[in-house]
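The values are calculated or read from the model by the stated rules, or taken from the named source; none is laboratory data. Treat the numbers as computed from the prediction; the structure is a model and nothing was measured. Every residue, glycine among them, receives a Cβ derived from its backbone with ideal geometry; neighbour counts consider all protein chains shown. What goes into the accessible areas is simple: the full protein's heavy atoms, side chains included, and nothing from ligands, DNA or RNA. Shrake-Rupley method; radii C 1.70, N 1.55, O 1.52, S 1.80 Å.
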Amino acid sequence: MEDWTPSSWTTKPIKQDVVYDDREGVQAALSKLQKLPPLVTTQEIANLKKSLRNVALGKAFVLQGGDCAELFDYCNQDMIEAKLKLLLQMSLILIWGANKPVVRIARIAGQFAKPRSSPMEVVNGVEMPSFRGDNINGFAATAESRRPDPSRLVSAYFHSATTLNYMRASLSSGLADLHSPLDWGLGHVIEPSIKEKYERIVSRVKDALRFMHTVGIDTDRGVETVDVFTSHEGLLLEYEQSLTRLLRNPLTTTPQPTASYYATSAHFLWIGDRTRQLDGAHVEFFRGIANPIGIKIGPSMTPDELVRLLDVVNPNREVGKVTLISRYGASKISQHLPAHIAAVQRAGHLPVWQCDPMHGNTQTTPSGVKTRHFSDILSELRQALEIHRAAQSFLGGMHLELTGEAVTECVGGAGGLTEEGLSERYTTFCDPRLNEKQALELAFLVAGFYRDMDDVEGMNSI
């Protein structure tokens, strides 16, 4: 890729750019970042690429989830553990339902910046810059707080590093040990049906582990820990460029090791629906990095544009290199997904297909509160699974905005949260998230879809 460099994106038009008044501060922050060590390793990235290749081939399932927008304050023990435990619980349920390994990717340790529909907003009758995320400006509704501050770029690095450090320490210390999944705790989840289903699955896992112990094959560390990869939207290209490194490719088998450019701020980065222009800066940056990447696709994406975009970011048609994160909405998925699948199949690309049932289903209540209905989220996931099976394609995973906290931001679910109850604990600084109870229920229902479909296919084959 001779015409690409980590800075070649600067020659392209850019969307969602941040304009700083303090240009000297920007250069000082970027210089500092360039001297700091990578946040993730090339071997970890290579491991994720191999796992996503299996997802693209239908041999595994990817669960990606976390906060809509992280705050620096979320870098604390309780919140990190709550997110990890929720992803681990959900993945156990999905392994049981889909009968496949689950690749776990968290929206964590870097998901600070958010694209906004307008650079300005009105707060209490005063127009001011929109809150763009903790690595850009502050949430407090004052002119000084909302001023983009380049020192926040360095703060973002160290908050990411601290979060990653505690994640790795927790996982290596037995947080994910399958010998004691009941120790994960169900927190505030008190719905009897959910607890009973989870405990039945746990009981089956324990039976399997007892059998493995009896026959002497339980010494593999795979039952004591798991990989949880990190991800965020690669929105601030100055930050991503500063953490891009030319490093040896761990998959190289030739006598002379080859090197590739890796974005080392996370294992997995994605391009948002607002920044996926074919001639734009974000596509230019993403086409040159060796990481697995994601692309959000919505109703405004034409099938031809999707194929041209894949040709640009993955010209060698590497299997699983690109994850297509579809976000249409429950009422629109049937109009767009079949044509997108068909176009990609004709072009010979084999990406990971992932359903984001959150962003296309955002609504605003009469009182002006953003929310999402659990029934719409579930409907889009069910339709995605059915459409992919009909097209002889694989729905490789789901991409969720969720939290391990007992928030009240999405309507519905077994708990019956209503619009009137949203104000009880509505804490998101951007988009509404599933709480722990709703996320676990969703995992059980999606696992049930797989079980039901496998049962139907088994009957049809008799």
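Among residues belonging to region 366-392 that are at pLDDT below 95 and under 15 Å from THR418 (Cβ atoms), point out the one that is most open to solvent (accessible area, probe 1.4 Å).
Looking at the filtered set, the residue picked out is PRO366.
Out of VAL352, VAL446, which single residue is of a type in the set (Val, Ile, Thr) and modelled with pLDDT of 95 or more?
VAL352
Only one of LYS114, LYS85, LYS59, LYS49 is basic (Lys, Arg) and closer than 21 Å to LEU445 by Cβ; which?
Among LYS114, LYS85, LYS59, LYS49, only LYS85 is basic (Lys, Arg) and closer than 21 Å to LEU445 by Cβ.
Residue pairs, Cβ under 6 Å, 6 or more apart or interchain, first in region 311-325 and open to solvent by 50 Å² or more (accessible area, probe 1.4 Å), second basic (Lys, Arg). List them.
VAL312/ARG287
Looking at region 17-115, what helices (runs of 4 or more DSSP H) fall wholly within it and have at least 2 residues that are open to solvent by 10 Å² or more (accessible area, probe 1.4 Å) and touching a helix residue (DSSP H, G or I) at 6+ places or on another chain (Cβ under 8 Å)?
By residue number, 23-35, 77-98.
I'd like to check which strands (runs of 3 or more DSSP E) are fully inside region 321-384 and have at least 3 residues that are touching a strand residue (DSSP E or B) at 6+ places or on another chain (Cβ under 8 Å), of a type outside the set (Val, Ile, Thr) and within 25 Å of MET453 (Cβ to Cβ).
Correct list: 352-355.
So PHE139 ticks every box in (1) farther than 25 Å from PRO292 by Cα; (2) in a helix (DSSP H, G or I); (3) touching a residue at least 40 places away in the same chain (Cβ under 8 Å) but one. Which box is left unticked?
With (1) farther than 25 Å from PRO292 by Cα; (2) in a helix (DSSP H, G or I); (3) touching a residue at least 40 places away in the same chain (Cβ under 8 Å) applied to PHE139, the lone miss is (2).
Suppose the filter is under 27 Å from GLN354 (Cα atoms), open to solvent by less than 30 Å² (accessible area, probe 1.4 Å) and in contact (Cβ under 8 Å) with a residue 60 or more places away in the chain; does ILE14 pass it?
No; evaluated as a whole, the condition is false for this residue.
Keeping to region 407-442, report how many residues are open to solvent by less than 50 Å² (accessible area, probe 1.4 Å), at pLDDT 90 or above and among the small types (Gly, Ala, Ser).
Going through region 407-442 one residue at a time, the tally reaches 3.
Test each condition in (1) farther than 28 Å from ASN361 by Cα; (2) among the β-branched types (Val, Ile, Thr); (3) within 20 Å of the chain's Cα centre (by Cα) for VAL312 and report the one that comes out false.
Unmet condition: (3).
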